[in-house]
Amino acid sequence: MAVLPLRVRTFRAVWRVRSVLVLAFGPLVLLPLALSTREAACAYVILLMALFWCTEVLPLAVTALLPTILFPVLGIMQSKDVCTQYLRDSNMLFMGGLMVAVAVEHRNLHKRIALKVLLLVGVRPALLMLGFMGVTAFLSMWISNTATAAMMVPIVHAVLEQLHRHDDGEEGRLKASDDAAGKQSAFVVRVPEADASAGTGECGERTGEDGGVPKTTRDDATMSSLKPPPQDKPPSVPKVNSSSVVCALEVEEDDGLDEERKRLSKGLLLSVCYAASIGGIATLTGTGPNLVLLGQMSQLFPHSGGVINSASWFAFAFPTMMMMLAMAWILLQQVFIGRSLRRAWSCGAGQAAKERAARDAIAEEYRRLGHMTYGEASVLALFLLMVALWFTREPRFVDGWASRTFNADAEFVTDATVSLMVALLLFVLPSQPPKYLRCWRHDSDPDAQVTRDPAPPLLTWKVAQAKIPWNIVLLLGGGFALAKGSEESGLSRWLGSQMTPLHSIPPWATSVVLCLLTATFTECASNVATATLLLPVLASMSQSISVNPLYVMIPCTLSASFAFMLPVATPPNAIVFSSGYLKVADMAKTGVVMNIIGIACISMAINTWGRVLFSLDSFPEWANATTPI
């Protein structure tokens, strides 16, 4: 049995002691709050959950269950009212969208889309990075950023392997040709005996006439030895230490090549993890904080009239995502590929073979997928149907298909209804073509084998149960319970009254400061937990200073997804960091700039098209705290 190093054992012991101290003394230190008013009791629950979420002494989903115990015990809410918060409409929307995403992943449709786009974009360094970022961002809009990064990183490794393998082969061919040229030049120009009699150098290679020195270096040394010496010195033949020249040149070339490889590898890997986090902000189901915002709006502002839905959110967040993706691509290209257009766009000699090698690697992966199966086509059709129904349900600028048919009197049909309907079809429709579509059957389709047994559905519950992150459902429910408890206890009104002095600060400045705080906090805590803790407070602050709540809630929701600095900040960062190419310093230096870029893009978006889309210049009636409910 291997013995762990002393440093590791010490760290683990300290970590266990810290967990015990937080679990034992954290509730006791904060206990005086729970023994005073209802507002203070609710604050006690929120602070305790924040402590547990930040230190992770308990699993995040387990901490999210604390309101089911503490709210009834402290007299804040009844148990039946707390428990109903854990399966609200937003949670069902999340589950339906996740089931469709699991079906896409289960049928390998996401990999087919990714490889096809990479083949279309090309494999020059700048275009290759752009292709990886575009594909990753698009997939992260619909499936989890963790699954997207886990799928894209092996593809990045396969492409890098082909590029590096070609570099090694090209280097070997160039060295062989240089050796041959050296032998040939030995017969043209006579090398002095002092050089020919040299033994074996430090590199372990013969350093005589064919000592491996590049032809230009060897000829320059020889010609310099044939020049007439100065008149004040006796004629002599200088001795050239060819072994040191060989070693110095080889080390310099190897270091330069290895450094270029490392920079390209770091750039491509960082592009994947950054795009996975950026892409999720474009859709409501793309990442957890977006769903937290949707649930908090319906919880805190029930008369908002569905101002946040799939269509309105996409209209605002998708251009923001595209702008930030372009800025991230420019940053990574400048830092890791180089400012030279010749290097960035691979215009130099010898690059065509490298491009062919990388393209062949991607094409080979695509060929292994075979023809598109009936199951893949069915999942793709259902996915497109869900997206179309989402965007046309309540577009807001015109009446949607549900405006007059279902939602004339109340909002009976929501985005959750659409996602669950499509998810239900996944468990009903078969994964094999019916008899009248036998022409679809291919030899490469494993699901198209003719059997007497009934065809399995597109998605089975066993697969869905294994791949759906149920902990996120509990996290969202815990956030909704906290928001409801803050409202019932009066904590939200108390916080709003304390923030009245912020009325003198311009709203855009307040938004920027809050985005900075959110981006900093989310580096240490879960993005869902960050949004859960901050959004109710921001809603109360907005009501106290008579600012549209969306003016600060939307920017902070987006900032909660921008955890670019630390490997532990988000799962895509951890997946990329585990590849071994990156150091913490690499991620931190580039991540700081990415956070600044993200906040700048959000501020620009919320103050331009966001103002028009959500009418941010006026304080809405649905946000008025005195409006009767």
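The values are calculated or read from the model by the stated rules, or taken from the named source; none is laboratory data. Small disclaimer: the values here were computed from a predicted structure and weren't measured. Glycine also receives a Cβ, built like all others from the backbone with ideal geometry; neighbour counts cover every protein chain displayed. What goes into the accessible areas is simple: the full protein's heavy atoms, side chains included, and nothing from ligands, DNA or RNA. Shrake-Rupley method; radii C 1.70, N 1.55, O 1.52, S 1.80 Å.
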Residue under evaluation Q543, criteria (1) under 22 Å from S140 (Cα atoms); (2) in contact with a helix residue (DSSP H, G or I) (Cβ under 8 Å, 6 or more places away or on another chain); (3) not hydroxyl-bearing (S, T, Y), criterion not met: (1)
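Here's the yes/no breakdown for (1) at positive phi; (2) at pLDDT 85 or above; (3) among the aromatic types (F, W, Y); (4) surrounded by 19 or more Cβ atoms within 10 Å (Cβ to Cβ):
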| position | (1), (2), (3), (4) |
| --- | --- |
| A464 | no, yes, no, no |
| F480 | no, yes, yes, yes |
| S497 | no, no, no, no |
| P501 | no, no, no, no |
| P506 | no, yes, no, no |
Pairs where the first residue, in the range 457-477, is touching a residue at least 24 places away in the same chain (Cβ under 8 Å) and farther than 10 Å from A64 by Cα and the second is crowded, with 18+ Cβ neighbours inside 10 Å and among the acidic types (D, E), C-beta under 9 Å, 6+ apart: K467/E105
Single match in S559, S542 (criterion: within 26 Å of N145 (Cα to Cα) and surrounded by 15 or more Cβ atoms within 10 Å (Cβ to Cβ)): S559
Every pair of residues 6+ apart whose Cβ atoms lie under 7 Å, when the first sits in the range 415-434 and is open to solvent by 60 Å² or more (accessible area, probe 1.4 Å) while the second is part of a loop (DSSP other than H, G, I, E, B) and not charged (D, E, K, R): F427/L459; L429/L458
Selection within the range 508-522 - open to solvent by less than 10 Å² (accessible area, probe 1.4 Å), touching a residue at least 60 places away in the same chain (Cβ under 8 Å) and not aliphatic (A, V, I, L, M): S511, C515
So S603, is it closer than 20 Å to T518 by Cβ and surrounded by fewer than 23 Cβ atoms within 10 Å (Cβ to Cβ): yes
Listing of helices (runs of 4 or more DSSP H) fully contained in the range 27-111 that carry 2 or more residues being open to solvent by 10 Å² or more (accessible area, probe 1.4 Å) and over 30 Å from L424 (Cα atoms): 31-34, 38-55, 67-73
Residue selected from the range 362-386 under the condition over 27 Å from H157 (Cα atoms) and buried (at least 18 other Cβ atoms within 10 Å of the Cβ), by the criterion nearest to the chain's Cα centre (by Cα): F383
Where a residue in the range 42-65 is within 14 Å of F25 (Cβ to Cβ) and its partner, wherever it lies, is open to solvent by 50 Å² or more (accessible area, probe 1.4 Å) and in a helix (DSSP H, G or I), with Cβ under 7 Å and at least six apart: V57/L23
T530 vs. criteria closer than 22 Å to M594 by Cα, β-branched (V, I, T), surrounded by fewer than 24 Cβ atoms within 10 Å (Cβ to Cβ) and out of contact with any Asp or Glu (no Cβ under 8 Å at 6 or more places or on another chain): no
